[in-house]
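For reference, the structure is listed below as structure tokens.
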Amino acid sequence: MDVAHDGEVGKRLALQRNYDCIVLDLILPTISGLEVCVAIRKEDTSVPILMLTALGSTEDKVLGLDSGADDYLTKPFKLNELLARIRALARRKSKPVEEARLTMADLVLNTATKSAERDGKSIILTSREYFLLEFLLKNQGRVLSRAEIAQNVWDISFDSGTNVVDVYVNYLRNKVDKGFSSKLIHTVFGMGYIMKEE
């Protein structure tokens, strides 16, 4: 285990060494945790990143997750919750590679290259959007509650006071459905979301 007390040192260590999980504080000397996270994601899309911060609004969480973090824990927190989230992220990384392609209609998600396309057109996804799309495709035809999505995509218990799941589903719709004649991501009012062909 390595500890870095400022952003520059943390970024250098993260880019030079192979870690099972990175716990990243948002507020750091020299450069911020957000900048460190973005720099890591440019080089490594697979290492799990857990972001710690005292900033807990939906907007702050979306910003942190959009920068490439896999999970987001607000201060103050209990040590056993932090350790449980680290274990969950490490398990995800250690899962064996499953089928290389997930498809629906003209949408293709390549799980080996973490890339997506629809009707032959490339779709650029953030890491969180990728994991959300992967979860929806693996469960196509099933109604998925917000709580189930939060637990499986973010490894967190769903907080009914936040709309992070809805925000990310909307992001994904703008990339996967917008501009195409058939919609694949559907809202089931009062229950959640389903991915299916119209």
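The values are calculated or read from the model by the stated rules, or taken from the named source; none is laboratory data. From a predicted model like this one, the values you see are computed outputs, not experimental measurements. A quick note on method: Cβ atoms are made from the backbone with ideal geometry, for glycine too, and the neighbour counts reach across all protein chains shown.
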Based on this model, can you work out whether L137 counts as in contact with a Leu (Cβ under 6 Å, 6 or more places away or on another chain) and of a type outside the set (F, W, Y)?
yes
Give me the pairs: first residue in segment 49-63 and in the same structural domain as F77 (by TED's automatic domain parsing), second residue modelled with pLDDT under 80, beta-carbon distance under 6 Å, and six or more apart or on different chains, which are they?
M51/G64; T58/T162
Against the conditions (1) acidic (D, E); (2) free of Cβ contacts under 8 Å to residues at least 40 places away in the same chain; (3) in contact with a Ser or Thr (Cβ under 6 Å, 6 or more places away or on another chain), where does D66 fall short? Just the number, please.
(2)
Could you please find all residues in segment 20-31 being crowded, with 17+ Cβ neighbours inside 10 Å and out of contact with any strand residue (DSSP E or B) (no Cβ under 9 Å at 6 or more places or on another chain)?
L28
Of those in segment 165-198 that are of a type in the set (G, A, S) and in contact (Cβ under 8 Å) with a residue 12 or more places away in the chain, the residue surrounded by the most Cβ atoms within 10 Å (Cβ to Cβ) is G192
